[in-house]
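Below is one structure, written out as structure tokens, with a few remarks after it.
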Amino acid sequence: MNGQNQKPKQEREREREREREQEQEQAQALKALAPKQSLAALGLSKTFTLHLSGPAQLKALDGVDLSVGPKECLGLTGPSGSGKSSLLRCLYGNYRLSSGDVILKHEDSVVTLSKASDRLILAIRVQTIGYVSQFLRVIPRVATLDIVSEPLLTVGWSQDRSHKAAGEILDRLRIPKKLWSLPPATFSGGEKQRVNLARVFVKAWPILLLDEPTASLDAKNRDSVCSLIIEAKERGSAIVGVFHDLDFLNRVADSQIRLSPPRQAS
Ligand code: ADP
Ligand code: MG
């Protein structure tokens with residue numbers, strides 16, 4: 001019988017070599033992330049290649065450093081076009097980094113994002129990082145209650161328990177019960193944004209990325225989102241957010257980083 005121990009010697013050596021490489025990467029990543037941090041960007045740069053009338057390079061981020069730990073909220077400020085949304089997307093593993101890196105704690109390990117496989121990035125998005133995008137992409141034909149329950153179902157919660165938690169958060173964000181069974185495609189901008197927020201705040205995340213979460217909300221709903229952010233912090237989330245109004249920023253953020261549009265190469 002060909003058991004596990006019967007692998008050819010060369011293959012076993014390759015495996016050991018891979019394990020050694022992984023251990024070295026882990027050790028380097030651990031060194032880069034201070035013990036109390038959950039997420040760090042080190043010299044992070046992002047340049048887009050535009051194909052308009054011939055290829056052109058657009059620098060969106062130039063050597064950004066940041067770090068954030070549990071129970072902390074870091075606010076990103078800067079004018080429109082200074083790269084705030086791009087930075088959040090880089091932290092979420094949506095964009096390939098041009099240089100620098102993102103290091104984060106995921107379960108019991110420390111991950112270097114530029115070296116993470118697609119599978120690991122997906123696992124990070126299920127377990128570790130919650131992200132509220134600036135613009136909601138509506139999932140067609142799925143009921144609101146199911147959209148909001150999904151992050152809990154994915155990590156093994158029962159349907160009853162997930163629906164109960166989803167209902168509670170939808171209530172807090174003032175989405176009327178009669179809308180819960182409908183897909184949000186026909187909802188107003190503010191309602192869609194609140195469904196988007198409910199879907200993230202339904203679960204406790206070690207890391208939360210928020211891109212202008214209150215841009216189209218009225219004062220009452222802004223207050224609810226403020227409470228949800230503060231509760232998430234108290235439960236231990238490390239948060240990086242873009243908050244378009246200064247008053248809101250000052251209520252939730254413990255520190256701030258101001259981005260300015262990078263100088264473009266001529
Ligand atoms: P902010 O959120 O601060 O307004 P963004 O991160 O959206 O800034 O944009 C920063 C710059 O990068 C802008 O000049 C924008 O046009 C450009 N940009 C953002 N995303 C892309 C993309 N996917 N492709 C090309 N350029 C982009
Ligand atoms: Mg933006």
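The criterion of being within 19 Å of residue 208 (Cβ to Cβ) and either at pLDDT 95 or above or of a type outside the set (D, E, K, R) (or both) does not hold for residue 83.
Conditions tested, residue by residue: (1) closer than 26 Å to residue 87 by Cβ; (2) touching a residue at least 60 places away in the same chain (Cβ under 8 Å).
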{"site": "185", "(1), (2)": "no, no"}
{"site": "188", "(1), (2)": "no, no"}
{"site": "219", "(1), (2)": "no, no"}
{"site": "241", "(1), (2)": "yes, yes"}
{"site": "247", "(1), (2)": "yes, no"}
{"site": "260", "(1), (2)": "yes, yes"}
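The residue that is farthest from ligand 2 (Cβ to nearest atom), among those in segment 72-108 that are surrounded by fewer than 21 Cβ atoms within 10 Å (Cβ to Cβ), among the charged types (D, E, K, R) and at negative phi, is 108. Filtering segment 75-102 to residues that are within 13 Å of residue 40 (Cβ to Cβ) and away from ligand 1 (no atom under 15 Å from the Cβ) leaves 100, 101, 102. Quick one: in segment 103-135, of everything that is within 16 Å of ligand 1 (Cβ to nearest atom) and not in a strand (DSSP E or B), which residue is nearest to residue 68 (Cα to Cα)? Ranking the candidates gives 133 first. Among residues of segment 79-103 that are over 15 Å from residue 121 (Cβ atoms) and basic (Lys, Arg), those with a Cβ under 7 angstrom from a residue that is in a loop (DSSP other than H, G, I, E, B) and more than 10 Å from ligand 2 (Cβ to nearest atom), sequence gap 6+ or separate chain, pair up as 84/259.
Only residues that are in contact with a Phe, Trp or Tyr (Cβ under 6 Å, 6 or more places away or on another chain) and among the polar types (S, T, N, Q) were counted in segment 223-266, giving 1. Just give me the residues in segment 18-71 being loosely packed, with under 10 Cβ neighbours inside 10 Å and part of a strand (DSSP E or B), in sequence order. Residues satisfying the conditions are 49, 51, 52, 54, 55.
Answer yes or no as to whether residue 217 is at pLDDT 95 or above and touching a helix residue (DSSP H, G or I) at 6+ places or on another chain (Cβ under 9 Å). Taking the combined requirement at face value, the residue does not satisfy it. Of everything in segment 230-259, what is in a helix (DSSP H, G or I) and in contact with a Cys (Cβ under 7 Å, 6 or more places away or on another chain)? Give them in sequence order. Listed by number, the residues that qualify are 233, 248, 251, 252.
The values are calculated or read from the model by the stated rules, or taken from the named source; none is laboratory data. Bear in mind that the values here come from a model prediction, so they are computed numbers and not experimental data. Positions of Cβ are backbone-derived with ideal geometry, glycine not excepted, and every protein chain shown enters the neighbour counts.
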